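The values are calculated or read from the model by the stated rules, or taken from the named source; none is laboratory data. All figures in this text were calculated on a predicted structure; none of them were measured in a lab. Positions of Cβ are generated from backbone atoms using ideal geometry, with glycine treated the same way; all protein chains shown enter the neighbour counts. Accessible surface areas use protein heavy atoms only, side chains included; no ligands, DNA or RNA. Shrake-Rupley method; radii C 1.70, N 1.55, O 1.52, S 1.80 Å.
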Amino acid sequence: MLDDVDRRLLRYWQAEPSLSPGELADRCGMTPGKAARRIARLQEDGILRGVGAVVDWVALGYAVEVSLRITLDKTQGNAFDAFMAEARKVPEVIELQTFLGRVDVRLSIIARDMAHYQQIYRGRILTLPHIADIEALMQVARIKSDQGLPL
């Protein structure tokens, strides 16, 4: 379990991931060595999986994001695994989620424009195996996108 020092360390790092190890240690009121040991333990325990960059897809020319809710034809035992294996190969699929219920899978797809999305949809998505039903939801606006936890 996390103690108050671990929570403080994660809270500061989530808020400002560009902090150097020394700055992070100063803000948390500990030595750089102690902070480094705690970070290493959080990584070993699988709590801290990594530190990465947040890329603005729109700034890179990907103006369209579509969420596809897919129901699979599960009459064949390998339907789920076969679908997931092929869906992972589509570079424009930026997120794959699985669900319990009528919808089995949700794909988030990015595209430069609607023509590009149609190419992806017709050429890559509709060729994925075992699709029984598919519903497209086009994103209009992202209101909140925060992966930080309230620590």
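Top to bottom by accessible area (1.4 Å), largest first, where do 125, 47 land?
The most accessible residue leads, giving 47, 125.
Within the accessible area of the chain, what % is carbon and sulfur when the probe is 1.4 Å and the other protein chains stay in place?
Result for the chain: 52 percent of the exposed heavy-atom area is carbon or sulfur.
What lysines does residue 89 reach when the alpha-carbon gap must be under 24 Å and sequence neighbours fewer than 8 apart in one chain are set aside?
Within reach: 74.
Rounded if a/c is under 1.5, else prolate if a/b beats b/c, else oblate: with a ≥ b ≥ c from the C-alpha gyration tensor eigenvalues square-rooted, which is the stretch 11-81? Walk me through the numbers on the way to the answer.
Working: a/c = 4.92, a/b = 1.85, b/c = 2.66.
Since a/c reaches 1.5 but b/c is at least a/b, the shape of the stretch 11-81 is classed as oblate.
Tell me the label-point distance for the pair residue 106, residue 127, using the 7 Å Cα-to-Cβ offset, in nm and rounded to one decimal.
2.7
Skip the ligands, DNA and RNA, and give the accessible area per residue of the stretch 52-136 with a 1.4 Å probe, whole Å².
Working: 5030 Å² over 85 residues.
Accessible area per residue: 59 Å².
With all pairs of different alpha carbon atoms counted, what Kirkwood hydrodynamic radius in Å does the chain show?
18.4
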